[in-house]
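The values are calculated or read from the model by the stated rules, or taken from the named source; none is laboratory data. The model shown is predicted, which means the values in this text are computed figures rather than measured ones. Please note: Cβ atoms are built from the backbone with ideal geometry, for glycine as well, and neighbour counts cover all protein chains shown. Areas reflect the complete protein model, heavy atoms only, side chains present, ligands, DNA and RNA absent. Shrake-Rupley method; radii C 1.70, N 1.55, O 1.52, S 1.80 Å.
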Amino acid sequence: MVTRLVYVVFVLPIVLSIIFGSIVLADVLQEPDRKLNMWPTSSNGTSSTLTAIEIIGLEKQYSVSTPVQIQIQVNDPSFDCGDLYITIYSSGTTTPITQSGFLEQCFAKNGEFLPVDDQFSEIIVKPGQYELIVKMNDQTQKNSITASEKFTIK
């Protein structure tokens, strides 16, 4: 008698939940353009999916006299007319080597690269490893997207 009560109270609800969940999931996956992606992979610029913000034109290695010149592509129109910050750090430190701010960057209308009507160009004179971080804030300054890449000065 007790074992039947255990099955009814504990095991039966678990089995019914699994069956019901499977039916609902199978029905949802039958809808067009629905996919089950339980482990999404992050994109670091090497995959074919678009990321929210991308660094364009950064080389892996520069000489001391060559300027570091980049452009930024933002693929999320909710960040149109936001503020763009580009910072270069010496690898392993939190002190910036250089930082540039480009305010009120409106790009969505013309699909432009950032900075709009300007250029980011910096010459770094000390050889070493560096990290470039770009950050785009939206107009409200409440949301931001970032991207980073490393490069070497020889």
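Considering the range 4-59, the residues that are at pLDDT 85 or above and polar (S, T, N, Q) include one that is nearest to the chain's Cα centre (by Cα), namely SER22.
Residue pairs whose Cβ atoms lie under 8 Å apart, sitting 6 or more positions apart in sequence or on different chains, and linking a residue in the range 137-152 that is within 19 Å of GLU104 (Cα to Cα) to a partner that is open to solvent by 30 Å² or more (accessible area, probe 1.4 Å) and among the basic types (Lys, Arg), are SER144/LYS135; ILE145/LYS135; THR146/LYS135. Here is the figure for the range 125-139: residues that are open to solvent by 30 Å² or more (accessible area, probe 1.4 Å) and closer than 13 Å to LEU84 by Cα total 3.
Applying the criterion of being touching a residue at least 40 places away in the same chain (Cβ under 8 Å) and of a type in the set (Ser, Thr, Tyr) to the residues of the range 75-106, the residue that is surrounded by the most Cβ atoms within 10 Å (Cβ to Cβ) is TYR89.
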